[in-house]
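Written out below as structure tokens is the structure these notes cover.
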């Protein structure tokens, strides 16, 4: 099946023929969304289905199969619009390293069909697919074998051991180096800096096992970050972001004091190494719509 899907990706986009009926490409609508709170890429494809037929279940099945065979093309289009980091989308990363384009096809087995629904008038079928962004992202871009060291902390401030880190970044915040204020935007590989632009968390500093498992951090719209106890435990350090940073504002600035509270204790460094971090974001930042 994967070989067949890979082959389809290499074909030009042509109308498919199912049961002798030609489906005009104008009858196909596609929608691509990133849900940062669940770390999923959502693909929805809506297609015409023959409603005036005694074999409606067969018509639905064939339309679903048509959607399945178009999945490599859909995934290719959707993933290219995902923000990789502050500087790049997946598409611009592919421009720098064209071999990445072929790797997208390898992610097809990670995609699951999450729903299939007919319209009220039964004339259309919407098929939805979901791709967990991790481990898909690390499979696409690769994993480092050895984590980079954390920066030395020269500031001594009172601190203690915590079970996780929660950064509140839901408000409009200053964009470092500009006069603008913007909401944080989601990305596959976000970073944390202190207000002096010293790195606090970079995905390259993480244990590769945890980076592959759940990425560098999670996003939540709940002020208490409820539901993330498996990631941040029951006694996290809660801090306020001081700003955002980047060409696309995907990175977070925290105070030097808060950075020292983390970097000054080995147990808290382990929180960074394992990605036990949650960004509390605005609800309007929780989903990114890709495409026109």
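What to note about this one:
- Only one entry in 19, 6 is surrounded by 14 or more Cβ atoms within 10 Å (Cβ to Cβ) and at pLDDT below 95, namely 6.
Quick grid of which residues meet (1) in a loop (DSSP other than H, G, I, E, B); (2) surrounded by fewer than 17 Cβ atoms within 10 Å (Cβ to Cβ):
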{"residue": "135", "(1), (2)": "no, yes"}
{"residue": "143", "(1), (2)": "yes, yes"}
{"residue": "155", "(1), (2)": "yes, yes"}
{"residue": "160", "(1), (2)": "yes, yes"}
{"residue": "170", "(1), (2)": "yes, no"}
{"residue": "209", "(1), (2)": "no, yes"}
{"residue": "224", "(1), (2)": "yes, yes"}
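- Region 241-258, subset outside any helix (DSSP H, G or I) and more than 23 Å from the chain's Cα centre (by Cα), residue nearest to residue 180 (Cα to Cα): 242
- Looking across region 76-90 at every residue that is assigned to a loop (DSSP other than H, G, I, E, B) and touching a residue at least 60 places away in the same chain (Cβ under 8 Å), the one that is surrounded by the fewest Cβ atoms within 10 Å (Cβ to Cβ) is identified as 87.
- Residue within region 223-234 that is outside the structural domain of residue 89 (by TED's automatic domain parsing), under 22 Å from residue 84 (Cβ atoms) and free of Cβ contacts under 8 Å to residues at least 60 places away in the same chain present: no
- Qualifying residue in region 110-120 (condition: part of a loop (DSSP other than H, G, I, E, B) and surrounded by fewer than 16 Cβ atoms within 10 Å (Cβ to Cβ)): yes
- No other residue among 177, 186 is in contact (Cβ under 8 Å) with a residue 60 or more places away in the chain, farther than 23 Å from residue 90 by Cβ and not in a strand (DSSP E or B) apart from 177.
This table checks each residue for (1) touching a strand residue (DSSP E or B) at 6+ places or on another chain (Cβ under 8 Å); (2) within 30 Å of residue 199 (Cα to Cα); (3) in contact (Cβ under 8 Å) with a residue 24 or more places away in the chain; (4) in the same structural domain as residue 213 (by TED's automatic domain parsing).
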site	(1), (2), (3), (4)
42	yes, no, yes, no
48	yes, no, yes, no
63	yes, no, yes, no
74	yes, no, yes, no
94	no, yes, no, no
126	yes, no, yes, no
133	yes, yes, yes, no
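- Which listed residue is at pLDDT below 95 and on the phi < 0 side of the Ramachandran plot, from 238, 265: 265
- Selection from region 195-207 of residues that are surrounded by 22 or more Cβ atoms within 10 Å (Cβ to Cβ) and touching a residue at least 60 places away in the same chain (Cβ under 8 Å): 200, 201, 206
- Residue within region 46-68 that is under 30 Å from residue 188 (Cα atoms), at pLDDT below 50 and out of contact with any helix residue (DSSP H, G or I) (no Cβ under 8 Å at 6 or more places or on another chain) present: no
- Annotation note: Cβ proximity below 7 Å between a residue of region 111-124 that is farther than 13 Å from residue 44 by Cβ and a residue that is at pLDDT 95 or above (sequence gap 6+ or interchain) occurs for 112/129; 112/130.
The values are calculated or read from the model by the stated rules, or taken from the named source; none is laboratory data. As the structure is a prediction and not an experimental result, all values here were calculated from the model. Note that each Cβ is placed from the backbone with ideal geometry, even for glycine, and that neighbours are counted across all protein chains shown.
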